[in-house]
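The values are calculated or read from the model by the stated rules, or taken from the named source; none is laboratory data. Please read all numbers here as calculations on a predicted model, not as lab measurements. When we count neighbours, we look across all protein chains shown, and the Cβ atoms used for this are built from the backbone with ideal geometry, even at glycine. Surface accessibility is based on the protein's heavy atoms, side chains included, excluding ligands, DNA and RNA. Shrake-Rupley method; radii C 1.70, N 1.55, O 1.52, S 1.80 Å.
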Amino acid sequence: MNFDLTPPKHGGDLEAWQRLEHGAQHWLDLSSACNREPWPIPALSSKLWYELPDQFVLEEAATEYFGQAPLAIGAGTQQFIEILPPLLQKKRAGSTVMVPKMGYQEHAYCWRKWGYDVLEYQTVGELLSTAWDIAVVVQPNNPTAEYLGDDESQQLKTLLINSQRYLVLDEAFLDATPARSWLNQPLPRGCFVLRSVGKFFGLAGARVGLLFGESQYKAAARSLIGPWPVATPAVHLVSAALNDKAWQAEALESLAERHDYFMATIVPKLNTLFDSQAIQYTPLFYTWVLDEAQADKAFLALHSVGIHIRLGQGWVRISLPAGHEMQHLNAGLVRLLQGHQLKELG
């Protein structure tokens, strides 16, 4: 075990930048890739702040929404990313873990903390011809926006059924494209699926994630996360959000409408600013793969007009803005491009 590793950086860090940059209090934060038109929070009873949480209602709502009962509900999918390495270490699942080279870096970080041999893959297809004990697949991948193909899904399921391998499938961003979920069918042996309410529902601050898999792991998972992992107000709010079918339908329509506007009005300006059309996207975020110098320059340029995005190693990611935020973003891009053109003319 190695608990001295340097943790990965994350988006959603606007407040940290506000402490560093003068005037950043008015910046537009498009760094976290959560729905910028979140499920509306109702008034809360004061008793929710002094009663210990009972997850029964949330488990019922989750079972109805996802079509399967969760093994456990925890403080975001992050909590399950933390506990799966010791859980599978106890099960003697093996020591070789494969993770996506470009993806959510907490996966690799947490397996390394527990002493696993972590290897990186470029494409999911490599998992079908490489020796490994545990693999992590993220769909849609963050930040590459890649989904598993139907053939890849079927081959991975067959591989799990016919071996003693384990697969961690991170579906944190999948609620906007639910037809692609592995939870629509019984899960194969050795498979764990992670789901989140922080992305599509825009409730990242509630810190609620769900773990699905074989029932034999239920006791171990709940033992590792401990009692009361989700606060009482979050249990109440997320149960209501999962049961709110009308809002979910409206949210899917809103995402589609905002996407169309973003692609028509915003993307051409970003392509010009980044000097690249290498865009990849999901319903919740857009990623451009750039060289590191380009990415750094783009990040700082957008900061200069009060727009905060996610900067990675050779890529930038931008959340789909709320409808009322589009003009703020558009105006900032116009100022940037006009300044760029005037500089070139000068």
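Against the chain, whose longest principal axis comes from its Cα atoms, helix 76-90 is set at around 40 degrees. Computed on the chain, with alpha-carbon pairs under 8 angstrom and 6+ residues apart, the relative contact order is 24 percent. Global dimensions of the stretch 157-263 from alpha-carbon coordinates: Rg and Dmax equal 16.2, 47 Å. Could you pull out the pairs from K101/K157; K113/K218; K9/K199; K91/K157; K218/K245; K9/K101 whose alpha carbons sit more than 26 Å apart here? Check vs 26 Å cut-off fails for K218/K245. For W114, the solvent-accessible surface computed with a 1.4 Å probe is close to 60 Å², ligands and nucleic acids excluded. The distance between label points at A331 and Q18 comes to 1.9 nm (points 7 Å beyond Cα on the Cα→Cβ vector).
What accessible area per residue comes out for the stretch 80-202, rounded to a whole number of Å², with a 1.4 Å probe? With the other protein chains kept in place, the stretch 80-202 gives 39 Å² per residue. Given R0 = 30 Å, the distance between the Cβ atoms of R92 and T158 translates into a calculated FRET efficiency of 0.80. When S45, S276 are compared by accessible area at a 1.4 angstrom probe, the order from most to least is S45, S276.
Restricting the stretch 22-75 to GluC sites (Glu not before Pro) that sit in a DSSP loop and have at most 16 other Cβ atoms within 10 Å of their own Cβ leaves E51. Extension gain for the segment E292 to E214, taken as residue separation times 0.36 nm less the Cα-Cα distance, is 23.9 nm to one decimal.
How many angstrom lie between the C-alpha centres of the stretch 276-346 and the stretch 132-175? The stretch 276-346 and the stretch 132-175 have Cα centres separated by 30 Å. Only Lys, Arg, Asp and Glu carry charge here, each on its Cβ (+1 for the first two, -1 for the last two); on that basis the chain has a dipole of about 580 debye about its Cα centre.
Relative to the longest principal axis of the Cα atoms of the chain, the long axis of helix 56-66 makes an angle of roughly 70 degrees. The C-alpha atoms of the chain define a longest principal axis, and helix 150-161 lies at about 30 degrees to it. Between A264 and T130, how high is the FRET efficiency from 1/(1 + (r/R0)^6) when r is the Cβ-Cβ distance and R₀ = 30 Å? Nearest 0.05. With R0 = 30 Å, the Cβ-Cβ based efficiency is 0.15.
Among R335, R165, the sequence by solvent-accessible area, most first, with a 1.4 Å probe is R335, R165.
In the context of the full protein assembly, V334 retains an accessible surface of approximately 50 Å², using a probe radius of 1.4 Å and ignoring ligands and nucleic acids.
Between E64 and Q313, the distance separating the two model label sites (each 7 Å from Cα on the Cα→Cβ line) works out to 4.5 nm. Under 5 Å between amide hydrogens, built in the peptide plane, is the criterion, and for V118 it picks out V97 among residues at least 5 positions away or on other chains.
With a ≥ b ≥ c the root eigenvalues of the C-alpha gyration tensor of the stretch 219-346, is it rounded (a/c under 1.5), prolate (a/b larger than b/c) or oblate? The shape class here is prolate.
In terms of accessible area, using a 1.4 Å probe and ignoring ligands and nucleic acids, R310, R195 rank largest first as R310, R195. Only protein heavy atoms count here; on that basis, with a 1.4 Å probe, K101 has an accessible area of about 100 Å². Computed from the C-beta positions of D150 and S46 and an R0 of 41 Å, the FRET efficiency is 0.25 to the nearest 0.05.
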